[in-house]
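Asker: Dumping the structure here so I can ask a few things about it.
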């Protein structure tokens, strides 16, 4: 898969951790994401949504995960990304978030969408079947059905007496 091009759908995947706990606390860091960084991304780039996660393991090295789904990864090199703010009023001394947190950016290109039931967003099932099934199962019915379906055809074949 080496050498994939930056065109077509994919995601920007960012894990991060605060490295300057002495001047930046978690509340301020998360507020920067919510009120400054994500709105800036959504305003200036073709990205339409962001997904933020927090690791459930309190000892995780990088407890924060952010994913930006993209219709076309080529937009990473577009004008919108070049206009994103580098510094923030939320950071100590109105500095750059990268001075206080370690952010690991990765770009992933979509190579397969597995949707065997056709139920992904934007698609609806073609048919919905709702039924109520009542079975009358007892030993006599089961034995009779087995004999009729399995034994009968064998006995009826020529030369199988």
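The values are calculated or read from the model by the stated rules, or taken from the named source; none is laboratory data. Note that the structure is a prediction, hence the values are computed from the model and not measured. Every residue, glycine as well, gets a Cβ built from its backbone with ideal geometry; the counts of neighbours run over all protein chains shown.
Asker: Taking region 51-61 as the search range and keeping residues that are surrounded by 13 or more Cβ atoms within 10 Å (Cβ to Cβ) and over 23 Å from residue 39 (Cβ atoms), which one is nearest to the chain's Cα centre (by Cα)?
Answerer: Among those that are surrounded by 13 or more Cβ atoms within 10 Å (Cβ to Cβ) and over 23 Å from residue 39 (Cβ atoms), it is 55.
Asker: Separate question: If you take the residues in region 21-37 that are outside any helix (DSSP H, G or I) and out of contact with any helix residue (DSSP H, G or I) (no Cβ under 7 Å at 6 or more places or on another chain), which one is surrounded by the fewest Cβ atoms within 10 Å (Cβ to Cβ)?
Answerer: Among residues in region 21-37 that are outside any helix (DSSP H, G or I) and out of contact with any helix residue (DSSP H, G or I) (no Cβ under 7 Å at 6 or more places or on another chain), the one surrounded by the fewest Cβ atoms within 10 Å (Cβ to Cβ) is 22.
Asker: Say whether the condition of being at pLDDT 85 or above, touching a helix residue (DSSP H, G or I) at 6+ places or on another chain (Cβ under 7 Å) and surrounded by 10 or more Cβ atoms within 10 Å (Cβ to Cβ) is met by at least one residue in region 110-122.
Answerer: For region 110-122, residues at pLDDT 85 or above, touching a helix residue (DSSP H, G or I) at 6+ places or on another chain (Cβ under 7 Å) and surrounded by 10 or more Cβ atoms within 10 Å (Cβ to Cβ): absent.
Asker: Looking at 89, 40, 7, can you tell me which residue is closer than 20 Å to residue 107 by Cα, out of contact with any strand residue (DSSP E or B) (no Cβ under 6 Å at 6 or more places or on another chain), in a loop (DSSP other than H, G, I, E, B) and in contact (Cβ under 8 Å) with a residue 24 or more places away in the chain?
Answerer: After applying the criteria, what remains is 7.
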